[in-house]
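Enquirer: My questions all concern the structure below.
The values are calculated or read from the model by the stated rules, or taken from the named source; none is laboratory data. As the structure is a prediction and not an experimental result, all values here were calculated from the model. Heads up, the Cβs are rebuilt from the backbone with ideal geometry, glycines too, and the neighbour counts pull from every protein chain shown. Keep in mind that these areas ignore ligands, DNA and RNA; they rest on the heavy atoms of the full protein, side chains included. Shrake-Rupley method; radii C 1.70, N 1.55, O 1.52, S 1.80 Å.
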Amino acid sequence: MITIGGNSVNKDDAINAGIVRPLEQTILHVMYASPYTYSYRSMDALLFEIRFRVAITDSSRELYYSGVQFADFYRSRCNPMFWNLLPDGAFQLKMGVPASEAILDIYRNGRLYAFECATAMIIILYHAAVKMLPPAQFNRLFSNIRLWGWKYDQDLQIVHNIPPDYLPGDIRYVKNPDVNPLTPEWQGENVVDLGDGTFFWTRFRLSNR
């Protein structure tokens, strides 16, 4: 169920407001079929969430093809034209560099980058935000980006909860019940639901359910 300003919304009205892509329609259908109530201040807010979720799936797929590698924090690397590599493996945005261009460079020059799997999830979220926001607004909001694990700018406003439904664009954590204590790096994996029966994850990259 979906409400806007406290009032239920007809599904056709939401579609006519600008739901175009098949994955957008899938997200809308799951929301409408749910016993949970998805509440928004306006139709624009609903459309923004749906489109942002689609942008997350697009950014995940693009990272898959970017040529980046995955490594622990001590083996991280980045393009020094855009980022300073800190001793703990974090990437700190260089002074005077537009944040949007630095995020886009990870996708354009992926072979120059290696980072940890949680960092990959944050990069995907920032890249999705680049798709959704005008460059000037993105650069103003995220002018001091530091990429390291699950650390992120508070303006990104990530919500951590147990979702009532499975929606494309969700970032989840899959635990490994058979993990060996001697290899704790295999204790689990961050994944992105791509909405078509596949997930993006950082060890084997794309996988079926």
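Enquirer: Based on Cβ point charges of +1 for Lys and Arg and -1 for Asp and Glu, what charge dipole magnitude is obtained for the stretch 70-145 about its Cα centre, in debye rounded to the nearest 20? Present the calculation step by step, with values, prior to reporting the outcome.
Expert: Working: 7 positive and 5 negative charges, 39 e Å.
Charge dipole of the stretch 70-145: 180 debye, to the nearest 20.
Enquirer: Taking a cut-off of 24 Å between Cα atoms, list the lysines near Lys175, but don't count ones fewer than 8 places away on the same chain.
Expert: Lys151
Enquirer: Heavy atoms only, probe 1.4 Å: what % of the accessible area of the stretch 19-74 goes to carbon and sulfur, would you let me know?
Expert: Values: 1630 of 3000 Å².
Of all accessible area on the stretch 19-74, carbon and sulfur atoms account for 54 percent.
Enquirer: So how do His29, His160 rank on accessible area, 1.4 Å probe, biggest first, that is with the largest at the start?
Expert: Values: His29 100, His160 135 Å².
From most exposed to least exposed: His160, His29.
Enquirer: Then there is this: Counting heavy atoms of the protein chains only and a 1.4 Å probe, report the per residue accessible area for the chain as a whole number of Å². Kindly include the intermediate steps, with their values, before the conclusion.
Expert: Details: 11370 Å² over 209 residues.
About 54 Å² of surface per residue is accessible.
Enquirer: Could you give the dipole magnitude of the chain about its Cα centre, charging the beta-carbon of Lys and Arg +1 and that of Asp and Glu -1, in debye to the nearest 20? Display every interim value, and only then the final one.
Expert: Working: 20 positive and 21 negative charges, 83 e Å.
The dipole of the chain has a size of about 400 debye.
Enquirer: Shifting gears a bit: Work out the charge dipole of the chain with +1 on the Cβ of Lys and Arg and -1 on the Cβ of Asp and Glu about the Cα centre, then indicate which of Ile158, Phe70, Leu112 is farthest towards its positive end.
Expert: So the residue furthest toward the plus end is Leu112.
Enquirer: Further question: Mind ranking 164-174, 7-17 by how tightly packed they are, going by the mean number of other C-beta atoms within 10 angstrom, highest first?
Expert: On the way: 164-174: 15.3, 7-17: 12.5.
Order by mean packing, descending: 164-174, 7-17.
Enquirer: If you don't mind, there's one more thing I want to ask. If I take R0 = 41 Å and measure r between the Cβ atoms of Asp12 and Asn176 in this structure, what FRET efficiency does the formula 1/(1 + (r/R0)^6) give, to the nearest 0.05? Write down the numbers at each step before the final one.
Expert: On the way: r = 44 Å, r/R0 = 1.06.
According to the calculation, E is roughly 0.40.
Enquirer: Between Arg41 and Arg75, with labels modelled 7 Å along Cα→Cβ, what's the label distance in nm to one decimal, could you check?
Expert: 4.5 nm
Enquirer: Related question: Name the aspartates and glutamates eligible as straight-distance cross-link partners of Lys131: C-alpha to C-alpha under 19 Å, and not fewer than 8 places from it in the same chain.
Expert: Partners within reach: Glu24, Asp44, Glu49, Asp58, Glu62, Glu101, Asp105, Asp153, Asp155, Asp170, Asp193.
Enquirer: If I take all pairs of Cα atoms in the chain, what percentage of them are more than 21 Å from each other?
Expert: On the way: 12278 of 21736 pairs.
Considering the chain, 56 percent of its Cα-Cα pairs are separated by more than 21 Å.
Enquirer: Please name whichever of Pro177, Gln92, Ser34 sits farthest to the positive end of the charge dipole of the chain, dipole taken about the Cα centre and charges placed at Cβ: Lys and Arg +1, Asp and Glu -1.
Expert: Final value for the positive-end residue is Gln92.
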